[in-house]
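These notes concern the structure reproduced below.
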Amino acid sequence: MLLPGSGADWQILHPDGSAVADIRYTLQTADGAYLYVQAAGIRHGPADVLDRLAQGEDVAPTEYTFRTTVRIETSDSSLAWMNNSVFIAVGGRRKSGVAYDVYRLD
């Protein structure tokens, strides 16, 4: 669960509509563990698609690229493996918010 008020999302928007993101937030697992998440990445695609995103339209994530590198920190001993892992995420923005599929690289 995303903890209310625990994070922020900054973007640098380029003239071509692409964006560089700096995303930070805290999650709490169902077991009560806290995860501090930092992600950095880029969103780019065809100009007409980025314009639709800028207008607040729902655009299928397959129409543009939104990728981030993710770092997760926790003090929970059962999840300590996350502190030493590398993750990437594939994102998509909707009117209701942003959704990510996160993958651990081995």
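When both the range 78-106 and the range 39-63 are represented by their alpha-carbon centers, they are found 19 Å apart.
Computed about the Cα centre, the dipole magnitude for the chain is approximately 80 debye when only Lys and Arg (+1) and Asp and Glu (-1) carry charge, each at its Cβ.
Karplus-derived 3J(HN,Hα) values for the range 2-7, using 6.51 cos²θ - 1.76 cosθ + 1.60 with θ = phi - 60°, are 6, 6, x, x, 9, x Hz; glycine and proline are entered as x. Note on Glu63 and Ser78: their simple-model spin labels are 4.2 nm apart, each label 7 Å out from Cα toward Cβ. Comparing Ala89, Ala19, Ala60 in a Gaussian network model of the chain, where Cα atoms under 10 Å apart are tied by springs, the biggest mean-square fluctuation is seen for Ala60.
Each value in this text was obtained by applying a stated rule to the coordinates, not by laboratory testing. Since we're looking at a predicted model, the values are computed, not measured. Positions of Cβ are backbone-derived with ideal geometry, glycine not excepted, and every protein chain shown enters the neighbour counts.
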